[in-house]
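Q: I'd like to ask some things about the structure below.
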Amino acid sequence: MQDVVAVAGDGYRLSARLFAGAAPTHAVLVTSGTGFPKGFYERFARHLASRGAIVLTHDMRGIGASRPDDLAALQMTYEDWGRLDMPAALDALIAAAPGLPVVHVGHSVGGHFAGFMPNHAKIARHAFVAVGSGYWRKHPVSYNPTELFFWWIYGPLSLARHGYIKGGTLWRGADLPRGVFIPWRRWCHDPDYFGTRLSGELQPNHFGDVTAPIRSWIFTDDPIANPVTGADMLKVYPHAPSDLIVRSPTGQGVPRIGHEGAFRRGMEPLWNEIYDWLTQP
């Protein structure tokens, strides 16, 4: 394990961590879901390293060790994670693993934002994990009150009090910058999510240029990334060969997976499945 710094195109310094097995044969970029620090993926990264990979995890700007001292003052937009941070992490991985084939595991928004990466063509395959549109009406009705309370009561109150979204209570992820929360809320209230915005306000982007194969893993107890919303996200990569795999907690031998449980202890068989697909000839 080695801590490194990935410098984004605008000069922002991102905290990253490399995990390398003996004589690695593949390089794996792991991109985080919204509010998940890089340490959340350490067990997964170590497992892939034991299978013959060099793996890079990183904190998006504003998150974890990439958080500035004054989070409320951070000027950024949500898409900066895809346009600036993920490309910098990819370049740092390539520099650490010259000549190795490069593949990508995107958790939640890490899969959403792969199409913003100007250097996406350096990636041979994408494994999406719990990647589904955030549009709230396509989520289970039982989950809707929690979402709406977060978007319209907890979030605004937290912004008013702290200048950012405070984590640890209703929002159990890391503290979130204002520039993440505001567009995220707007997209999640649009049935097209950010789809039609890709031809207008979200330019530049490269979703239509991605041709690397995508396999998307969805879990039956995930209220956000379900078979419908997972398929919606694959549609924004129109020229990438893709398929969607649905797994249940029972089938994986665990009591719960949800939106984040794919990276927790006990999911090693799934990790092997993902790695085997990423590294197939």
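Q: How large a share of the accessible area of the chain, in percent, is made up of carbon and sulfur atoms when the probe is 1.4 Å and the other protein chains stay in place? Could the numbers behind the result be given before it?
A: On the way: 6290 of 11400 Å².
Exposed carbon and sulfur together represent 55 percent of the surface.
Q: Sticking with this structure for a sec: Starting from the alpha-carbon convex hull of the range 118-227, give the projected area averaged over all orientations, in nm².
A: Values: hull surface 32.7 nm².
So the Cα hull casts an average projection of 8.2 nm².
Q: Testing the spin-label approximation: label points 7 Å from Cα along Cα→Cβ at residue 119 and residue 201. State their distance in nm.
A: Modelled inter-label distance: 3.0 nm.
Q: Work out, step by step, the length gained on full extension between residue 23 and residue 43: first 0.36 nm times the residue separation, then minus their alpha carbon distance; give nm to one decimal. Write down the numbers at each step before the final one.
A: Working: separation 20, 0.36 × 20 = 7.20 nm, distance 1.95 nm.
5.2 nm is the gain from fully extending residue 23 to residue 43.
Q: Rounded to the nearest 20 Debye, what is the dipole magnitude of the range 1-51 about its Cα centre when Lys and Arg each give +1 and Asp and Glu each give -1 at the C-beta?
A: Numbers: 6 positive and 3 negative charges, 36 e Å.
Charge dipole, the range 1-51, about its Cα centre: 180 debye, nearest 20.
Q: Considering only protein heavy atoms, what is the solvent-accessible area of residue 154 at a probe of 1.4 Å, reported in Å² to the nearest 10?
A: About 40 Å², ignoring ligands and nucleic acids.
Q: OK, next. Check which residues have an amide H placed less than 5 Å from residue 125's amide H, if you skip close sequence neighbours.
A: For residue 125, the qualifying residues are 104.
Q: Can I ask one more? On average, how much accessible surface per residue is there in the chain, in Å², for a 1.4 Å probe, leaving out ligands, DNA and RNA? Working shown, then result.
A: Details: 11400 Å² over 281 residues.
With the other protein chains kept in place, the chain gives 41 Å² per residue.
Q: Sticking with this one: What residue among 280, 174, 108 has its Cα farthest toward the positive end of the dipole of the chain, where the charges are +1 on Lys, Arg and -1 on Asp, Glu, each on the Cβ?
A: Ranked along the dipole, the leading option is 174.
Q: When you take every Cα atom in the range 38-128, what is the radius of gyration, and what is Dmax, the widest Cα pair distance, in Å?
A: In order Rg, Dmax, the Cα atoms of the range 38-128 give 13.5, 42 Å.
Q: Another question, then. Provide the net charge surrounding residue 249, with neighbours chosen by a C-beta distance below 12 Å and charges set as Lys +1, Arg +1, Asp -1, Glu -1. If you can, show how the numbers build up before the last one.
A: Values: positive: 247, 256, 264; negative: 221, 222.
Charge balance in the 12 Å sphere: +1.
Q: Another question about this same structure. Which Cα, out of 204, 33, 239, lies furthest along the positive dipole direction of the chain (beta carbon charges, K/R +1, D/E -1)?
A: 33
Q: Using the Kirkwood radius built from alpha carbon pairs, what does the Stokes-Einstein equation give as D for the chain at 4 °C and 1.567 mPa s, in µm² per second?
A: In µm²/s, the coefficient rounds to 69.
Q: Using a 7 Å offset from the Cα along the Cα-to-Cβ direction at both residue 157 and residue 70, what is the distance between the two label points in nm, to one decimal?
A: 2.7
Q: Under a point-charge model restricted to the Cβ atoms of Lys and Arg (+1) and Asp and Glu (-1), what is the dipole moment magnitude of the chain relative to its Cα centre, in debye to the nearest 20? The partial results should precede the final answer.
A: Working: 26 positive and 24 negative charges, 82 e Å.
Dipole about the Cα centre, nearest 20: 400 debye.
Q: Filter the trypsin sites (Lys or Arg not before Pro) in the range 80-188 down to the DSSP loop ones having no more than 10 other Cβ atoms within 10 Å, then list what survives. Please report the intermediate quantities before stating the final value.
A: Values: sites: 83, 122, 125, 137, 138, 161, 166, 172, 178, 185, 186; in loops: 166, 172.
Answer in residue order: 172.
Q: Let me cross-check residue 107: its accessible surface, 1.4 Å probe, with only protein heavy atoms counted, in Å² to the nearest 10?
A: Accessible area of residue 107: about 0 Å².
Q: Using a basic spin-label model with each label point 7 Å from the Cα along Cα→Cβ, how many nm lie between residue 146 and residue 50?
A: Spacing of the two 7 Å Cα→Cβ label points: 3.0 nm.
The values are calculated or read from the model by the stated rules, or taken from the named source; none is laboratory data. Keep in mind it's a predicted model, so treat the numbers as computed, not measured. FYI the Cβ positions are ideal-geometry reconstructions off the backbone, even for glycines, and counts take in every protein chain you see. Calculation scope for accessible area: heavy atoms of the full protein, side chains included, ligands and nucleic acids excluded. Shrake-Rupley method; radii C 1.70, N 1.55, O 1.52, S 1.80 Å.
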